[in-house]
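Written below as structure tokens is the structure these notes are about.
Read-outs: derived from the displayed coordinates by stated rules, not from any lab. Computed from a predicted structure; not experimentally measured. Positions of Cβ are generated from backbone atoms using ideal geometry, with glycine treated the same way; all protein chains shown enter the neighbour counts.
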Amino acid sequence: MARWNTGTVTFSRFGLLLDVDGPVASPVTRSVPAGIIADLVELATAGWPVIFNTGRSDAFIREQVMAPMIAAGLPADTTVHAICEKGAVWFSFTGSGPDEPQVDSALALPGNYADAVRQLVAAKYSGHMFYDETKRAMVSVEQHVDVANADYLAEQQQFDADALALMEKFDLGVCRLEHHAPDSDDSIDYRIDPTIISTDIEALGVGKDLGARRALSLLESAGTEIPHIWRTVGDSRTDYAMADELHALGYDVAHVDVRPADGVPAKPYPVLTAGDRIHEDAGGAYFARWASMAAGRATGDDGVS
């Protein structure tokens with residue numbers, strides 16, 4: 001296993017499994033700060049596996065993450081992986097550009113339902129949100145950047161109810177993510193997952209745990225040595241599934257929660273936070289710390305005070 005010696009502490013490289021909205025991209029501007037891009041390039045170039053595990057589309061990752069990383073000097077022989085739409089879509093890229101995205105068609109929502117949601121947004125909700133045309137498998141709507149988040153969240157509740165009613169109209173089994181109703185005959189195939197800036201409607205098979213398994217598979221397929229030590233980073237309770245999965249598979253993992261005010265659950269692995277910092281400010285603090293560790297500029301553990 002590759003190791004870096006900082007002078008006083010010798011440590012293995014970490015595998016990084018990163019949610020994008022929140023810890024990497026600002027949920028306000030939907031863009032990635034230049035400092036985070038530079039640190040991620042430094043980490044990938046140093047040999048730390050950098051893998052994005054996001055509900056975002058491959059188009060979003062190419063535009064907001066990949067293109068800036070290439071512009072910041074990502075080498076042509078350094079590979080970064082992106083698992084999109086919570087495991088339903090994935091691709092890899094280097095400093096030379098991206099591979100073709102792969103899609104698990106079994107996890108795609110029916111096209112007639114997607115069309116109905118598109119029409120619903122246009123008819124009732126276009127002032128607060130837009131239909132994400134870049135998604136290949138799930139159906140997503142997202143808050144307009146120029147709309148106040150409180151106004152969007154109030155409107156989101158009614159949209160989610162309408163989306164659920166459409167599911168019933170199309171005879172598709174569905175549940176709200178935070179309210180799993182008993183369903184002994186397994187007729188529920190989809191779920192509605194609201195976030196602070198969007199609503200995803202997705203197959204039950206997708207999730208950050210699926211993304212974690214795909215991450216390991218991508219590293220194995222690429223012939224990359226899989227680290228034993230991992231750091232997962234996210235801003236919601238569903239992001240803990242990344243660390244849950246890696247822990248269950250026997251890896252040494254800690255999870256960085258960049259929005260701990262939502263409540264930190266009890267876990268059998270360490271949960272790290274960044275004090276009062278949240279979202280990309282908290283994520284950026286950890287990326288900077290890890291980049292310093294990878295380059296030998298910092299010693300000790302990866303805590304951020």
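The order of the peptides 156-167, 250-261 by mean Cβ neighbours within 10 Å, most packed first, is 250-261, 156-167.
Taking 0.36 nm per residue of separation and subtracting the Cα-Cα distance, full extension of the segment from Asp99 to Lys169 would add 21.4 nm. A simple rule links phi to the HN-Hα coupling: the Karplus curve 6.51 cos²θ - 1.76 cosθ + 1.60 with θ = phi - 60°, which for the stretch 103-113 gives 10, 8, 5, 5, 9, 8, 6, x, x, 5, 5 Hz, with x for Gly and Pro. With angles folded into 0 to 90 degrees, how steeply does helix 208-221 sit against the dominant principal axis of the chain? Use alpha carbons for both and round to 10. Value to nearest ten degrees: 50.
Cα centroid separation, the stretch 208-265 to the stretch 124-162: 28 Å.
Taking Cα centre as origin and charging only the Cβ of basic (Lys, Arg, +1) and acidic (Asp, Glu, -1) residues, the dipole magnitude of the chain rounds to 800 debye. Give me the count of lysine pairs in the chain whose alpha carbons sit under 30 angstrom apart, restricted to pairs 8 or more positions apart or on different chains. Close lysine pairs found across the chain: 11. For the chain, averaging the sequence separation of C-alpha pairs within contact (under 8 Å, six or more residues apart) and dividing by the residue count gives a relative contact order of 22 percent.
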